[in-house]
Amino acid sequence: MARILVADDHDLVRETIAAYLEAEGFAGVHLACDVDQALRLVAGPTVFELILADYDMPGMDGLAGLGRLIEANRPHPVALISGAISPDAAAAALEMGAAGFVPKTLGSRNLVAAVKAMIAGEVFAPVSMIAKGSEGLLSSRELDVLRGVCAGKSNKEIARDHGLQEVTVKLHVKTMSRKLGAKNRTHAAMIARDRKLV
């Protein structure tokens, strides 16, 4: 099972997230209280398949700390944990290569699902934390799916093109449409063309 590093300066948050993950079978959950401690652990012998880093902990220095963690943990993902994050900061973090955002209000089941998705290479960004209509927040996979939709391909064809399950493509279409403020896939294709996204 994947090893995860949870970095947060609040003991309760850090330990609660670790307890949720350990209860779901993630055996190697390590803890850090700031960016420097997280970087020391990453430099050690343990390989972390995912780092969950608090947006407001000491050493983050805006998004500079996130950049250091992403660089240190390559090729494995780093995601932010946050009570609240502005859409601008969310967009900047994704542009830097963050694997997503985990709200501190997320339930335990959704937390585990988000962690599994990010370890599998997906981007997790709840719609409530991002600006509606911010196409800059589409993940690279969502853009792949959007190109397929614009080419008039079915979910099955898009899934085959990208080696995905059809159900995964359906989920991407739904998330992408929500981010674009589109009513359906046809509307999403129209918005994409208008904004020259594809």
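Where a number appears in this text, it was derived from the coordinates with a stated rule and is not lab data. Bear in mind the structure is a predicted one, so any value in this text is a computation, not a measurement. Backbone-built Cβ (ideal geometry, glycine too); neighbour counts: all protein chains shown.
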Separation between the Glu157 and Thr16 pseudo-spin-labels, each 7 Å from Cα along Cα→Cβ, expressed in nm? 4.7 nm
Diffusion coefficient, µm² s⁻¹, Stokes-Einstein with Kirkwood Rh over alpha-carbon pairs of the chain at 10 °C and 1.306 mPa s: 91 µm²/s
If I take every Cα pair under 8 Å that is 6 or more residues apart in the chain, average their sequence separation and divide by the length, what percent do I get for the relative contact order? 14 percent
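Under 12 Å from the Cβ of Val149, count the other residues' Cβ atoms, weight Lys and Arg +1, Asp and Glu -1, and hand me the total.
+2
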Given N residues in the stretch 135-194, what is its alpha carbon radius of gyration divided by 2.2 N^0.38 Å? 0.97
Can you tell me which lysines have their Cα less than 23 Å from the Cα of Lys116? Leave out same-chain residues fewer than eight positions away. Lys104, Lys170, Lys174, Lys179
